[in-house]
Amino acid sequence: MSTRTLIRGGLVVTAADEVHADVLVDDGRIAALAAHGTTVAEGWTADRVIDATGKYVLPGGVDAHTHMELPFGGTFASDTFETGTRAAAWGGTTTIVDFAVQTRGRALREGLDAWYAKADGKCAIDYAFHMILSDVNESSLKEMDLLVEEGVTSFKLFMAYPGVFYSDDGQILRAMQRSASNGGLIMMHAENGIAIDVLVEQALARGETDPRYHGEVRKVLLEAEATHRAIQLARVAGAPLYVVHVSAEEAVAELAAARDKGLPVFGETCPQYLFLSTDNLAEPDFEGAKYVCSTPLRPREHQAALWRGLRTDDLQVVSTDHCPFCFTGQKDLGRGDFSKIPNGLPGVENRMDLLHQAVVDGHISRRRWIDIACAAPARMFGLYPKKGTIAPGADADVVVYDPHAVQTISADTHHMNVDYSAYEGRTVTGQVETVLSRGEVVVDRRTWTGRAGHGLYTPRSTCQYLN
Ligand code: URP
Ligand code: ZN
Ligand code: ZN
Ligand code: ZN
């Protein structure tokens, strides 16, 4: 039996439009939108009516970069698929695309199956996978084709982390050539890891062991250089390219220059680069470890270029790179040696709110907020229009958002399984009120009504983002 829900009286905001409309949900999908007066006059009925008067009605967020349970630096990211997707829903995100990992010397299939198993029956919201390629060789190249057909249509390569995830330029070129023929999208971690490792060794030899040195050795120039190199390799291969977690102004300039030439080059940044800086990395008493991620946080001056890139569409997507490690017991591993601090920040719950604050602050428009957080990631990774918009036929992943509520972000109140917040004490305007995932209410006026296992694996088509 299908359940009809009517969301009445709100302002429906998508990447394309802002309309005062009532939204009818039937059987897990958006059935219709109509002017409020019409639905009243025509007597539209539903099993459940949600009053959205004075609120925004938004497509659920699509976070295209998360790492639940990621093994890294001798430990595991502290959010499981269960806790991490619940926190995502609390923050208005209704789809994540997480990264399955190929272990060196092993098949892609083995890694992907392991990630299917980790997530199966655990997720509160829908999910999909990218694949991390840590070992590009003849057989993994062949496997890429099969994964694309199966709905895993994007592959992350690393120019950083030698000995772990690192691929050399020849491997990168070969993977790009393969993606040019099979329709996959290469996602690049663009940092020159070989040079960075030299600087790490030299810094440690000088006794520079504090977290802030993580930011100093991972130089802007080494992000810009790797971004440039990735773009040129993609041109040679005739493949599109998506650069993940762009943090530096000089890297944005490389993307902008490529896009000015009409190349299919795309960029993602993350809330931590937009709202935090090297000032956080320099916090005393090892507190800086809370902010260790790669690419690293940059001096505050870089933020203006990131906002500009988001406005000009030189950057298309804001994802979180959610990869939480507890301060106590995990970040701790790097006391006395910053290179042993597990890399990553929590944020899956905070993205929609922080970006709404950017609307309030005038960095981006309301529709651009929904574009970079919902529609563009859905298009980029082949989930549109099932995800990322409110339109007849789309999945009823809907957020009723109170644009006037004021909240203070804190680890005391967040739902992520991590003992600190990177945004502790920050006051933001706007808050998620009610969340639907495929028509099921998972957050009801700030009460949890979701369940582990409601979320379904969602195979993806190839990239739908046109230049
Ligand atoms: O520091 C980060 N970003 N950790 C997660 C792994 C990655 O490189 O995205
Ligand atoms: Zn009314
Ligand atoms: Zn990365
Ligand atoms: Zn990542």
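Residue 33: in a strand (DSSP E or B), hydrophobic (A, V, I, L, M, F, W, C) and touching a helix residue (DSSP H, G or I) at 6+ places or on another chain (Cβ under 8 Å), yes or no?
Working: in a strand (DSSP E or B): yes; hydrophobic (A, V, I, L, M, F, W, C): yes; touching a helix residue (DSSP H, G or I) at 6+ places or on another chain (Cβ under 8 Å): no.
No: the conditions fail for residue 33.
Would you mention how many residues in segment 259-318 are within 24 Å of residue 368 (Cα to Cα) and of a type in the set (Ser, Thr, Tyr)?
Summing the residues that are within 24 Å of residue 368 (Cα to Cα) and of a type in the set (Ser, Thr, Tyr) in segment 259-318 gives 4.
For residues that are within 16 Å of ligand 3 (Cβ to nearest atom) and over 16 Å from the mean Cα position of the chain (by Cα), scanning just segment 297-317, find the one that is surrounded by the most Cβ atoms within 10 Å (Cβ to Cβ).
297
Hey, does segment 183-191 have a residue that's more than 16 Å from ligand 3 (Cβ to nearest atom), farther than 20 Å from residue 64 by Cβ, buried (at least 19 other Cβ atoms within 10 Å of the Cβ) and in contact (Cβ under 8 Å) with a residue 24 or more places away in the chain? Before you say what the answer is, go through the steps one by one.
Going through segment 183-191, the residues more than 16 Å from ligand 3 (Cβ to nearest atom) turn out to be 183-184.
Filter once more, so that each one left must be farther than 20 Å from residue 64 by Cβ: none.
Checked against the condition, which is being more than 16 Å from ligand 3 (Cβ to nearest atom), farther than 20 Å from residue 64 by Cβ, buried (at least 19 other Cβ atoms within 10 Å of the Cβ) and in contact (Cβ under 8 Å) with a residue 24 or more places away in the chain, segment 183-191 yields no hits at all.
Looking only at segment 23-70, filter to residues that are closer than 23 Å to residue 89 by Cβ and of a type in the set (Asp, Glu); which one of those is nearest to ligand 4 (Cβ to nearest atom)?
63
Considering only segment 78-99, I want to know if a residue exists there that is without any contact (Cβ under 8 Å) to a residue 40 or more places away in the chain and surrounded by 24 or more Cβ atoms within 10 Å (Cβ to Cβ).
Going residue by residue through segment 78-99, those that are without any contact (Cβ under 8 Å) to a residue 40 or more places away in the chain are 98.
Remaining after also requiring surrounded by 24 or more Cβ atoms within 10 Å (Cβ to Cβ): 98.
Looking through segment 78-99, at least one residue is without any contact (Cβ under 8 Å) to a residue 40 or more places away in the chain and surrounded by 24 or more Cβ atoms within 10 Å (Cβ to Cβ).
Among the residues of segment 264-282, write down those that are in a loop (DSSP other than H, G, I, E, B) and either within 13 Å of ligand 1 (Cβ to nearest atom) or touching a residue at least 60 places away in the same chain (Cβ under 8 Å) (or both). Give the steps one after another, and end with the answer.
We begin by selecting, within segment 264-282, every residue in a loop (DSSP other than H, G, I, E, B); these are 264, 270, 276-277, 282.
Within segment 264-282, 264, 270, 276, 282 qualify.
Is it the case that some residue within segment 153-169 is more than 15 Å from ligand 3 (Cβ to nearest atom) and under 22 Å from the mean Cα position of the chain (by Cα)?
Step one: filter segment 153-169 for residues more than 15 Å from ligand 3 (Cβ to nearest atom), giving 153, 163, 168-169.
If we keep only those that are under 22 Å from the mean Cα position of the chain (by Cα) too, we end up with 153.
Taking every residue of segment 153-169 in turn, at least one turns out to be more than 15 Å from ligand 3 (Cβ to nearest atom) and under 22 Å from the mean Cα position of the chain (by Cα).
Scan 76, 81 and give me the residue that is aromatic (Phe, Trp, Tyr), under 22 Å from residue 373 (Cα atoms), away from ligand 3 (no atom under 16 Å from the Cβ) and over 14 Å from the mean Cα position of the chain (by Cα). I'd like the intermediate steps shown before the answer.
On the way: 76 fails: under 22 Å from residue 373 (Cα atoms).
Among 76, 81, only 81 is aromatic (Phe, Trp, Tyr), under 22 Å from residue 373 (Cα atoms), away from ligand 3 (no atom under 16 Å from the Cβ) and over 14 Å from the mean Cα position of the chain (by Cα).
Identify, please: which residue in segment 102-121 is outside any helix (DSSP H, G or I) and over 21 Å from the mean Cα position of the chain (by Cα) and is, among those, surrounded by the fewest Cβ atoms within 10 Å (Cβ to Cβ)?
At the first step, the residues of segment 102-121 found to be outside any helix (DSSP H, G or I) are 102-107, 120-121.
Adding the requirement that they be over 21 Å from the mean Cα position of the chain (by Cα) leaves 103-107, 121.
On the way: 103: 14, 104: 11, 105: 8, 106: 14, 107: 14, 121: 11.
Residue satisfying both the conditions and the ranking: 105.
Hey, residue 377 hits all of (1) more than 16 Å from ligand 4 (Cβ to nearest atom); (2) assigned to a helix (DSSP H, G or I); (3) surrounded by 18 or more Cβ atoms within 10 Å (Cβ to Cβ) but one; which does it fall short on?
Unmet condition: (1).
Each row is one residue, and each column tells you yes or no for (1) over 23 Å from residue 76 (Cα atoms); (2) without any contact (Cβ under 8 Å) to a residue 60 or more places away in the chain; (3) within 16 Å of ligand 1 (Cβ to nearest atom); (4) of a type in the set (Lys, Arg).
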site: 119; (1), (2), (3), (4): no, no, no, no
site: 136; (1), (2), (3), (4): yes, yes, no, no
site: 144; (1), (2), (3), (4): yes, yes, no, no
site: 160; (1), (2), (3), (4): no, no, yes, no
site: 171; (1), (2), (3), (4): yes, yes, no, no
site: 181; (1), (2), (3), (4): yes, yes, no, no
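The numbers here are math on the coordinates, done by the rules we state, and not lab data. Predicted model only: the values in this text are computed from it and were never measured. Heads up, the Cβs are rebuilt from the backbone with ideal geometry, glycines too, and the neighbour counts pull from every protein chain shown.
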